[in-house]
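J.: I have a structure here, written as structure tokens, and I will follow up with some questions on it.
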Amino acid sequence: MSQIPDTMRAVVLPEAGRFDVRTQVPVPVTAPGQALLRVHATTICASDQKIVAGQFPETRFPHIPGHEFAGEVVAVHPSVDEVTIGERVGVEVHVGCGSCRRCIEGLNQLCENYGRLDKGHAHIGFTVPGGLAEYVAVPVKALHRLPDTLSWDEGAFTDNVGIALYAVERGRLRAGEHVAVVGPGVFGGLAVQIARAMGAGRVVLVGTRAERLERLRGLGADALITARGLDAVSEVRAALGRGADLVLEFAGTPDAARDAIGMARRGGRVVLAGATGTGRELSGVDLSTIVRGHLDIHGSLANPAGISRRGLALIARGSVDVLPLITHHFTLAEFESAWTTFVERRDGAIRVMLHP
């Protein structure tokens, strides 16, 4: 085990709208209940764009972002015995207070003490420092041991695979059912594979950008549909015969939500799981489509405690392949180029992986 340095390289947001890559950031010291990780793989996500832009009011600047990462435990606080030095771990980013009603129900992502560090809440990379750094101190409650067969890059999908798995389970998928997945990004690619692993019959993947759909060809979808609006609804219904038993929406836009509702068969289920924010309103949906169609419509936010562990098992046994979702690799020192590649979607960028 190499000696832990006093300083590290990290991406720092000094204020909203600006980032620096600094080389003399103090390495964090573990607090009670925390482990110190040496980050080996970390990614850029669309939520990072919102964090950089200052769209999360609970984020306090200066701030180190990053919420999709894996690393090696290099130190632990004396209070910690859940993990040991040298273990390889992935990170689940929602850490609830553990005592509010939602946390007691297991829904730590809905913690009623969100943002309250004094209550034990932490949203890693959002309200507390994240993994776009060489080292990060993380509550041990957020850690999942990586199966031995998984690489660091695969481990960086710990949180993502949990989010996708939770959305599928929210939709109560049954073996043989037909599934439509809206949004050909990371979560769409994961959801297609998870639905297959859970016994879905036919699965179609829908998006508006043909090049992104093509990148996900081979992940298990029976059809790739490049369309929007009524055209998308018609093509999904034609591909599945009568509409989807389950529709999983991961685009996070009002148009995608409206299309998803239209794709469901009578008595079907729709899960709206795309990252969205306040101010986006759903319009243009005839209420009779929902009421007389007897639809179940669910919101799905992130992932509750522990579900990522089961998602990692799917990756480990080969049911889910995350490597095709990684389109670019950079060092942490090259963050500016990595950021531009991701934001501008250069060369069809989906997930941009950084290696501190």
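J.: Given the convex hull over the Cα atoms of region 25-82, what projected area results after averaging over all orientations, in nm²?
T.: 5.0 nm²
J.: Using a Gaussian network model of the chain with C-alpha springs under 10 Å, which one of 106, 318, 183 is most mobile by mean-square fluctuation?
T.: Checking each option, the largest mean-square fluctuation is seen for 318.
J.: Keeping all protein chains in place and using 1.4 angstrom, which order do 296, 48 fall into by accessible surface area, from largest down? Write down the numbers at each step before the final one.
T.: Values: 296 55, 48 5 Å².
Highest to lowest solvent-accessible surface, that is 296, 48.
J.: Continuing with this model, one more query. Counting heavy atoms of the protein chains only and a 1.4 Å probe, report the per residue accessible area for region 85-170 as a whole number of Å².
T.: Details: 3040 Å² over 86 residues.
Heavy-atom accessible area per residue stands at 35 Å².
J.: Rounded to a whole number, what % of the accessible area of region 211-341 do carbon and sulfur atoms account for, probe 1.4 Å? Don't jump to the answer; show the numbers that get you there.
T.: Working: 3130 of 6380 Å².
Ligands and nucleic acids excluded, carbon and sulfur give 49 percent.
J.: Give me the Kirkwood hydrodynamic radius of region 198-356, using the inverse of the mean 1/r over all pairs of distinct Cα atoms, in Å to one decimal.
T.: Details: mean 1/r = 0.0567 Å⁻¹.
By the Kirkwood definition, the hydrodynamic radius is 17.6 Å.
J.: How do 294, 123 rank by accessible surface area computed with a 1.4 Å probe, from largest to smallest?
T.: The residues order as 294, 123, largest area first.
J.: Separate question: Let me check against my output: what whole-number percent is the relative contact order of region 9-55, with C-alpha pairs under 8 Å and at least 6 apart? If you can, show how the numbers build up before the last one.
T.: Details: 35 pairs, mean separation 19.1, N = 47.
Rounded, it is 41 percent for region 9-55.
J.: Below 11 angstrom from the Cβ of residue 355, what's the summed charge of the other residues (Lys, Arg +1; Asp, Glu -1)?
T.: Overall, the nearby charge balance is -3.
J.: Do the sum for the chain: with -39,500 (n - 2.57) for every DSSP H run of n ≥ 4, divided by all residues, what is the mean residue ellipticity at 222 nm, to the nearest 500 deg cm²/dmol?
T.: -7000 deg cm²/dmol
J.: A further question follows. Taking a probe of 1.4 Å, how large is the accessible area per residue of region 20-64, in Å²?
T.: Per residue, region 20-64 has 46 Å² of solvent-accessible surface.
J.: Okay, moving on. In region 132-180, carbon and sulfur make up what percent of the accessible area (probe 1.4 Å)? Numbers along the way, then the final one.
T.: Details: 750 of 1540 Å².
Answer for region 132-180 is 48 percent, counting heavy atoms of protein chains only.
J.: Per the Debye formula with a single identical scatterer at each Cα and no solvent contribution, what log10 I(q)/I(0) holds for region 191-291 at q = 0.16 Å⁻¹?
T.: -0.67
J.: If you average over every viewing direction, what projected area does the convex hull of the Cα atoms of the chain give, in nm²?
T.: 17.1 nm²
J.: Which of the trypsin sites (Lys or Arg not before Pro) found in region 304-351 are in a DSSP loop and have at most 15 neighbouring Cβ atoms, other than their own, within 10 Å?
T.: Those satisfying the criteria are 317, 345.
J.: Tally Lys/Arg at +1 and Asp/Glu at -1 over every other residue whose Cβ is under 9 Å from the Cβ of residue 146; what's the total?
T.: -1
J.: GNM on the chain, C-alpha springs below 10 Å: top fluctuator among 12, 29, 247?
T.: Of 12, 29, 247, the Gaussian network model singles out 29 as fluctuating most.
J.: Right, next: When Lys and Arg each count +1 and Asp and Glu each count -1, what net charge do the other residues less than 11 Å away from residue 73, Cβ to Cβ, add up to?
T.: Combined, the nearby Lys, Arg, Asp and Glu give 0.
J.: Can you tell me, using C-alpha contacts under 8 Å and at least 6 residues apart, the relative contact order of region 32-151 as a whole percent?
T.: 34 percent
J.: In the calculated pair distance distribution of region 17-129, what percentage of Cα-Cα distances lie above 21 Å?
T.: Counting every Cα pair in region 17-129, those more than 21 Å apart make up 43 percent.
J.: Over region 168-316, what is the relative contact order in whole percent, taking alpha-carbon pairs under 8 Å and six or more residues apart?
T.: 21 percent
J.: Here is a follow-up. Just to be sure I follow: if Rg is taken over the C-alpha atoms of region 138-195 and Rh is the Kirkwood radius over the same atoms, what is Rg/Rh?
T.: 1.03
J.: For the chain, with a Gaussian network of springs between Cα atoms less than 10 Å apart, report the residue from 324, 147, 78 with the top mean-square fluctuation.
T.: Top of the fluctuation ranking is 78.
The values are calculated or read from the model by the stated rules, or taken from the named source; none is laboratory data. Just so it is clear, the structure is predicted and the values come from calculations on it, not from any experiment. All Cβ positions, even for glycine, are placed from backbone atoms using ideal geometry, and neighbour counts span all protein chains on display. Ligands, DNA and RNA are stripped out before the accessible areas are found, and what is left, the full protein with its side chains, is counted by its heavy atoms. Shrake-Rupley method; radii C 1.70, N 1.55, O 1.52, S 1.80 Å.
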